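Asker: Please read through the structure below; I'll follow up with questions.
Computed from the coordinates by the stated procedures, all read-outs in this text should not be read as laboratory data. A quick note: this is a predicted structure, and the numbers were derived from the prediction, not measured. Cβ coordinates were reconstructed from backbone atoms using ideal geometry, including for glycine residues, and neighbour counts include every protein chain displayed.
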2 protein chains.
Amino acid sequence: MKSGLSFLVAARRCEIDELDQLGRTSELVGTIGRLVHALQRERGLSNVLLASQGRRFAAQRSVQVGECIRLEHEVRAGFDGLQAEARRLGSGTRLFSRIAWVLPGLDALPVLRRRVGALEIGVADASAAFAKLIAGLLAVVFEAADGATDPEISRLLAAMFNFMQGKEFAGQERACGAAAFAAGVDDGTRQQQWLQLIAAQERCFHVFTEFAGPVLATLWQESQPGEETAELERLRRAAITTAPGEPLDSELSTVWFDCCSLRIDAMKAIEDRLASDLRALCDRKITEARAEADANEALLDQVAGTEGTSAFFDDIAPQPPTVKAYGHQLERSVLDMLQEQSQRLQAMSDELDAVRAGLNERKLVERAKGLLMAHRRMTEEEAHKMLRQTAMNQNRRLVDVAESVLSMADFLPGTS
Amino acid sequence: MKSGLSFLVAARRCEIDELDQLGRTSELVGTIGRLVHALQRERGLSNVLLASQGRRFAAQRSVQVGECIRLEHEVRAGFDGLQAEARRLGSGTRLFSRIAWVLPGLDALPVLRRRVGALEIGVADASAAFAKLIAGLLAVVFEAADGATDPEISRLLAAMFNFMQGKEFAGQERACGAAAFAAGVDDGTRQQQWLQLIAAQERCFHVFTEFAGPVLATLWQESQPGEETAELERLRRAAITTAPGEPLDSELSTVWFDCCSLRIDAMKAIEDRLASDLRALCDRKITEARAEADANEALLDQVAGTEGTSAFFDDIAPQPPTVKAYGHQLERSVLDMLQEQSQRLQAMSDELDAVRAGLNERKLVERAKGLLMAHRRMTEEEAHKMLRQTAMNQNRRLVDVAESVLSMADFLPGTS
C-alpha cells in the first residue's frame with residue numbers, strides 16, 4: 001500500500017503534467033495569434049481588392065495568402081500535437097470541441113479565397129467570413145485560458161485572449177472605417193457599429209491591463225504614441241460626427257487604413273511579448289515544480305526506512321516524549337509539508353476563481369446567444385447580430401443586454 | 001492534418017475518459033462511506049470502553065476493529081488504483097493532496113488503538129482523534145465532488161458529501177450526548193456545542209435534499225419515523241434545557257446511544273442507496289457517451305471520402321445551389337452536430353457552476369481556517385476550534401463567522 005508522501009509526489013507529478021500541457025497550449029496560443037494577425041491582414045487586403053474591382057493589392061494579397069497558409073499549417077500541426085499528446089487534457093472536451101468547430105472554417109478558406117479572387121463576393125460578406133473564422137480561433141484561445149489550472153498562467157492567458165480580442169475589434173474598426181471613407185459617405189447604422197467597436201476595444205484592453213501586470217500595461221501605453229492616437233481620434237471624430245448622408249473625404253480612406261495598420265502592427269509587438277512572457281512563465285513554473293518534486297522524492301526515500309510514529313494525532317493527544325525520535329521528527333516534517341501544500345492549493349484555487357470571474361463577461365454573451373439560438377431557432381450569427389443590434393439601439397453594453405436576455409429567459413417562447 | 005470531426009471524436013473520447021475516471025472515483029467514495037461508518041462505530045465503542053474503565057464493549061470493539069481494518073484495506077487499494085490508473089486525473093493534484101493528508105492518519109490508527117486498549121487516552125481525545133481522521137476522509141469525498149466534470153454526477157457526489165458530513169455530525173452528537181448522560185450532568189459549553197451539532201446536521205441534510213432529488217429526499221424522510229424522532233427530540237430537550245450543573249438521569253445514557261445508533265444505521269441505508277445510484281448514473285452516462293462517440297465515428301468514416309464544400313461560411317455568403325451536393329449536406333450535418341455539442345457543453349458548464357456554488361459554504365470555512373493558520377500561527381485544529389467557539393459565543397452559523405473572518409483579513413496581524 002502506498003504512503004501519504006507517495007501521493008504528495010503523485011500530486012506534484014499531476015501538477016507537472018498539467019504545466020507541461022499548459023506550456024504546449026500556450027505555445028499554440030502564440031501560433032494562433034500569428035495566424036489571426038496574418039488573416040486580419042489578408043482580410044484588409046481582400047477588402048481593398050474587392051472594393052477596387054481587383055485593381056489594387058492583388059500581388060500583396062497573393063503574398064499574404066502564402067503567409068497565411070504557412071501559419072495555418074503551424075496551427076494545424078499544433079492542434080494535431082494536442083490530440084496526439086493529450087490522453088487526458090485538463091479541459092480536453094471543451095478545447096477539442098472548439099478546435100472541431102474552427103477546422104471546417106480553415107477547410108473552407110480556399111473556396112472563400114477563390115471567390116474573393118474572382119470578385120464573386122461583396123466586401124461586407126468577405127469581411128464577415130474572415131471575422132467568423134477569427135472568432136472561432138479566438139474561442140480556442142478563450143477555452144485555453146478558461147481551462148488553465150495554474151492561476152498565474154491563466155492570468156496571462158486571459159490577458160492574451162482579451163488583447164487578441166481587442167486587436168480583432170481594432171481590425172474590424174479598420175475595415176468599417178475604410179469602407180465608410182471609401183464610400184465617401186457614412187450612415188447612422190455604421191456610425192453606431194463603429195462606436196460599439198471602439199467601446200468593445202477599450203473594454204478588452206482594460207481587462208488586458210488588469211491581468212497583464214504593470215510592465216506590459218506600460219509597454220502597451222508606450223506603444224500607442226500621442227501623435228498617432230491624436231490622428232486616429234481626429235479621423236474617428238470626422239467620420240462619426242458627420243451627419244449621416246453628408247459627404248466624407250474619400251481621400252482619407254488610405255490615411256485611415258495606414259493609421260489603423262500602424263496601430264495594429266504595434267499591437268502585434270505587444271502580443272509577441274505576451275506570448276514570450278507566457279512561454280517563460282511556463283518554463284519557470286515547470287522548473288520550480290520539478291525541483292519541489294525532487295525534494296519530495298528525496299524525503300520519500302529517507303522516510304522509507306523509518307517506522308511510523310503516528311504524529312498525525314499529536315495536536316490532539318501528544319504521545320510521551322520517549323517516542324519523539326528521529327522518525328517522529330521526519331514524520332512531522334512530512335505533515336508540515338502536506339499542510340503547506342494544501343494551503344498553496346487553496347490559495348491557487350482562490351486566485352483561479354478570481355481570474356475566471358474576469359472571463360465571465362464573455363461567458364454571459366455566449367450563454368445569451370445559446371438561449372436565443374435554442375428558443376428562437378436562430379443561427380449563432382443571427383443571435384449575435386440581434387444582441388449587438390439591441391445594444392446599439394438601446395446604447396447599452398453587449399454584456400448588459402446579454403444579462404437582460406438571460407434574466408428574461410422564462411419569458412422567451414418555447415421555454416418549458 | 002486532422003479534420004474537425006476527428007476533434008469532435010477526440011472531445012468525446014476525453015469525455016468518456018473523464019466519465020470512466022468519475023466512475024472509479026464514485027466507487028471509491030462508496031468505499032470511503034463504509035469505512036467512515038465503521039470508524040464511527042469504533043469511536044462509539046471506544047468511548048464506552050474508555051468511560052467504563054475497560055469493562056464494557058471490549059469484545060465488540062475487537063470485532064469492529066477487524067471490520068475497520070478490512071475496509072481500510074479496500075480504501076487504500078482504491079487510492080492506489082487511482083494513482084496507478086490516472087496519468088492525468090481531472091483534479092489529480094488536489095485529490096492526491098487530500099489523500100496524502102489522510103494516509104498518515106490511517107497509519108497512526110494502530111498506535112491510537114493500542115492507547116485506547118491500554119486506557120492511556122481520555123474519551124474526549126479519542127473522540128477528537130477519530131473525528132480528525134474522518135474529517136480527512138470526508139475531505140477526499142469533497143474534492144471528488146468538487147473536481148467532477150459532469151454536472152449530474154457532481155450533483156450526486158455533492159449530495160453524498162453533505163449526507164456523509166451530516167451523518168458525521170450525528171455521530172459526534174451521539175458521542176457528545178452519551179458523555180453528558182454518562183456524566184449525569186451537563187455544562188453550558190457542551191450544551192452550546194450540542195446545539196451547534198444539531199444545526200450543522202440540519203444544514204447538511206438540507207443541502208443533501210436539494211442535490212439528491214425528490215426520490216432520495218422522500219426515502220430520507222421515511223427513514224426517520226415519527227416515534228423515533230420524537231424520542232430523540234425528547235432526549236435532546238431533556239439534556240439541553242436542564243440548567244447546567246443540575247443532575248441528568250445517567251440511566252438514559254444507553255437509551256440515548258441506542259436511539260442515536262438506530263438513526264445513524266438508517267442513514268447508512270440511505271448512503272448505500274446514494275452510492276448505488278451514483279454507480280448506476282456513471283454507468284448510464286458512460287454507455288450514452290460511447291453510443292454517441294460511435295455515431296460520430298461512423299459519420300467520420302462516411303465523410304472521409306467526400307470533398308469539403310466550405311459550408312462553414314454558408315450563413316454569411318451562401319454559395320450557388322450547384323455545389324449543394326451530397327458532400328455539402330453531410331458537411332452541414334457535421335456543423336450542426338458541432339453546434340449541438342457546443343450548446344451541450346455550455347449547458348453542462350452552467351450547471352456545474354451551480355453545483356459548485358452549493359459546495360461553496362465549506363470552501364469559505366476552509367479558507368477562513370487557512371487564513372487563521374497563516375496569520376495567527378495556529379494548527380488546523382486550533383483554527384477550527386476558534387471558528388466554532390466564536391460561532392457558539394455569538395450564536396451565529398459557522399459559515400457566517402468564516403465570512404466575517406475573511407472580510408476582516410486586512411486587519412489580521414502579520415498580513416502584508
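Asker: So, in Å, what gap is there between the alpha-carbon centers of region B:218-259 and region A:241-301?
Answerer: Between the Cα centres of region B:218-259 and region A:241-301 lies a distance of 66 Å.
Asker: Also, I was wondering about something else. Is there a simple number for the mean count of other chain Cβ atoms within 10 Å of the Cβ of residues in A:14-20, and what is it?
Answerer: That average works out to 4.
Asker: Please compare each pair in B:K285/B:K369; A:K167/B:K2; A:K285/B:K167; B:K167/B:K369 to a cut-off of 31 Å on the Cα-Cα distance and tell me which ones are over it.
Answerer: Among B:K285/B:K369; A:K167/B:K2; A:K285/B:K167; B:K167/B:K369, the Cα-Cα distance tops 31 Å for B:K285/B:K369; A:K285/B:K167.
Asker: Taking only Cα atoms, what is the 0 to 90° angle, nearest 10, from helix A:380-394's long axis to the longest principal axis of chain A?
Answerer: The angle comes out near 70 degrees.
Asker: Give me a single rounded figure for B:121-132: the average over its residues of other chain Cβ atoms within 10 Å of their Cβ.
Answerer: For this peptide, the per-residue mean of nearby foreign Cβ atoms is 3.
Asker: Now for a different question. What's the whole-number percent of alpha carbon pairs in region A:1-122 lying beyond 22 angstrom?
Answerer: Roughly 50 percent, once rounded to a whole number.
Asker: Note the full-extension length gain between B:T254 and B:D20 as 0.36 nm times their separation in residues minus their Cα-Cα distance, in nm to one decimal.
Answerer: In short, 79.7 nm is gained.
Asker: Still on this structure, I have one more. Summarise the partner chain shielding of B:337-346 as one whole number: the mean count of Cβ atoms from other chains within 10 Å of each residue's Cβ.
Answerer: Shielding by partners across B:337-346 averages 5.
Asker: Expressed as a whole number of Å, what is the distance separating the alpha-carbon centroids of region A:20-79 and region B:97-154?
Answerer: 56 Å
Asker: Right, next: Computed over the Cα atoms of the protein assembly as shown, what is the ratio Rg over Rh, Rh following Kirkwood?
Answerer: 1.05
Asker: Which net charge results for the neighbourhood of A:G171, defined as the other residues with beta-carbon distances under 12 angstrom from its beta-carbon, given Lys and Arg at +1 and Asp and Glu at -1?
Answerer: My count for the surroundings of A:G171 gives +2.
Asker: What shape does region A:144-255 have by the C-alpha gyration tensor, where a ≥ b ≥ c are the square roots of the eigenvalues, rounded means a/c under 1.5, and otherwise prolate means a/b greater than b/c and oblate the rest?
Answerer: prolate
Asker: Where does region A:50-116 land on the Kirkwood hydrodynamic radius, alpha-carbon pairs, in angstrom?
Answerer: Taking every pair of different Cα atoms in region A:50-116, averaging 1/r and inverting gives 14.1 Å.
Asker: Is the shape of region B:52-206 best called rounded, prolate or oblate, per the rule: a/c under 1.5 gives rounded, else a/b larger than b/c gives prolate, else oblate, with a ≥ b ≥ c the square roots of the Cα gyration tensor eigenvalues?
Answerer: It comes out oblate by the Cα gyration axes.
Asker: In square nanometres, what is the average projected area of the Cα convex hull of region B:361-401?
Answerer: 2.5 nm²
Asker: Along its three principal axes, how long is chain A when you only count alpha carbons? Whole Å, largest extent first please.
Answerer: The Cα atoms of chain A stretch 96, 51, 41 Å along the principal axes, largest first.
Asker: Another question about this same structure. Using Cα pairs closer than 8 Å and at least 6 residues apart in sequence, work out the relative contact order for chain B, in percent.
Answerer: In percent, rounded to a whole number, it is 19.
Asker: Could you tell me how many degrees, from 0 to 90 and to the nearest 10, lie between the Cα long axis of helix B:92-107 and the main elongation axis, the longest principal axis, of the Cα atoms of chain B?
Answerer: That helix lies at roughly 30 degrees to the long axis.
Asker: Excluding B:R362 itself, what net charge comes from residues whose Cβ is under 15 Å from its Cβ, given Lys and Arg +1 and Asp and Glu -1?
Answerer: Value of the local net charge: -2.
Asker: Once the Cα atoms of helix A:123-147 and of chain A are each reduced to a long axis, what angle between those two axes, in degrees from 0 to 90 to the nearest 10, is obtained?
Answerer: Helix A:123-147 sits at roughly 10 degrees to that axis.
Asker: Would you mind giving the average projected area, over all directions, of the Cα convex hull of region A:90-142 in nm² with one decimal?
Answerer: 3.6 nm²
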